């Protein structure tokens, strides 16, 4: 639960090469990129193998199984193969349009790399 009011955020200074890690549930934002250089971000998604994300294509990186470390790449997993999980996303994916859906199925990485380009207003 968020206990801070808007405007009471905490600034985290990050120098070139620093890594900032936080939950995707944390309300956050990044200031404008006022440089002539691109700003890169590597987004890692961590979820139970019971769940499913339709925008991430194989191979998938599994870290643990049964509470034990078992790092490996797999082509499918329990939540990915579950028809009920897949049906949950049919409506939302159709609303996004065929362009985005086609792009999602062409994605060939297990994570997402986001490039934030140039200056912003």
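For the reader, a short list of remarks on this structure follows.
- Put simply, when 74-86, 26-38 are sorted by average Cβ atoms within 10 angstrom per residue, most first, you get 74-86, 26-38.
- Across q = 0.13, 0.17, 0.18, 0.27 Å⁻¹, the range 44-94 modelled as identical point scatterers on its alpha-carbon atoms has Debye log10 I(q)/I(0) values of -0.32, -0.53, -0.59, -1.14, in the order of the q list.
- When peptides 13-19, 46-52 are sorted by average Cβ neighbour count within 10 Å, with the highest value leading, the order is 46-52, 13-19.
Bear in mind these aren't lab numbers, they're just calculated from the coordinates by the rules spelled out. Not measured: the values here are computed from a predicted model. In this analysis, Cβ positions are derived from the backbone assuming ideal geometry, glycine residues included, and neighbour counts consider all displayed protein chains.
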